[in-house]
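Single-structure report; data block below.
A short reminder: the numbers here are calculations on the coordinates, not readings from a lab. Since the model is a prediction, treat every value here as computed from it, not as a measurement. Here Cβ is always computed from backbone atoms with ideal geometry, including for glycine, and neighbour counts include all displayed protein chains.
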Amino acid sequence: GAVVSQHPSWVICKSGTSVKIECRSLDFQATTMFWYRQFPKQSLMLMATSNEGSKATYEQGVEKDKFLINHASLTLSTLTVTSAHPEDSSFYICSAAGRRLNEQFFGPGTRLTVL
Amino acid sequence: AQSVTQPDIHITVSEGASLELRCNYSYGATPYLFWYVQSPGQGLQLLLKYFSGDTLVQGIKGFEAEFKRSQSSFNLRKPSVHWSDAAEYFCAVGNTGTASKLTFGTGTRLQVTL
């Protein structure tokens, strides 16, 4: 299957700072990328969907000004958590899909801890 | 709105025993259904998916799932579990006939005893 990477795999930051997480499709062109948030022992919750070159579509309840998503190329999407607070601590997972959109390929996730 | 229910939070089976993980969905049209496995430190890996056709779907690692429209179920099965199958398993339903906007169940953690 296709490979999706995330960087960093874990990050610790101080409250009030911003953190950028990268999601890359390594061996295919990802026309659509998805960002999920997973709380401990819970399911994945879709945060937003981004198409290359377009603004992201956010799910209800997700603050677009807090979670900035950029999908500037067919292989890279970034999620920036702005002015992070302890309640933003979570496991963030990205996935990518090609034009046929019949399968999402998931990255290994990024664990964010905000102190 | 679509939803997925995985009734079993945690299941323990002995190595070599059979396994069935339950998944019930709610979706207005013909659902696109997926089973993923998540191991620590690794991304979600697709085990199998159902779009249409034969309701018994074969996947990787010896897993299979059966789509039962009358029961709104898509249960995952394996005839003989291996210790390496211990992981978190997620059932998901896709929107509008694609893999977009996946709605996940809460997951079932599988523990395998030797």
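If only residues of region B:7-30 that are in a strand (DSSP E or B) and touching a Cys at 6+ places or on another chain (Cβ under 8 Å) are counted, the one that is surrounded by the fewest Cβ atoms within 10 Å (Cβ to Cβ) is B:TYR25.
Checked against the criterion of being without any contact (Cβ under 8 Å) to a residue 24 or more places away in the chain, surrounded by 15 or more Cβ atoms within 10 Å (Cβ to Cβ) and away from chain B (no Cβ under 11 Å), the candidates A:ALA56, A:ALA72, A:ALA84, A:ALA30 yield just one match: A:ALA56. When each of A:THR49, A:THR57, A:THR17 is tested for being within 27 Å of B:GLU88 (Cα to Cα), of a type in the set (Val, Ile, Thr) and out of contact with any helix residue (DSSP H, G or I) (no Cβ under 7 Å at 6 or more places or on another chain), the lone residue that passes is A:THR49. Picking from residues in region B:31-62 that are part of a helix (DSSP H, G or I) and at positive phi, the one that is surrounded by the most Cβ atoms within 10 Å (Cβ to Cβ) is B:GLY62. The set of residues in region A:62-110 being of a type in the set (D, E, K, R) and not in a loop (DSSP other than H, G, I, E, B) consists of A:GLU87, A:ASP88.
From the residues in region A:1-25 that are part of a loop (DSSP other than H, G, I, E, B) and away from every other protein chain (no Cβ under 12 Å), which one is surrounded by the fewest Cβ atoms within 10 Å (Cβ to Cβ)? Here the answer is A:LYS14.
Could you list, in sequence order, the residues of region A:91-102 that are buried (at least 20 other Cβ atoms within 10 Å of the Cβ) and either among the acidic types (Asp, Glu) or more than 10 Å from chain B (Cβ to nearest Cβ) (or both)? Once the filter is applied, which keeps residues that are buried (at least 20 other Cβ atoms within 10 Å of the Cβ) and either among the acidic types (Asp, Glu) or more than 10 Å from chain B (Cβ to nearest Cβ) (or both), region A:91-102 yields A:TYR92, A:ALA96. Among the residues of region B:1-38, those identified as among the small types (Gly, Ala, Ser) and touching a Ser or Thr at 6+ places or on another chain (Cβ under 9 Å) are B:ALA1, B:SER3, B:SER14, B:GLY16, B:ALA17, B:SER18, B:SER26, B:ALA29.
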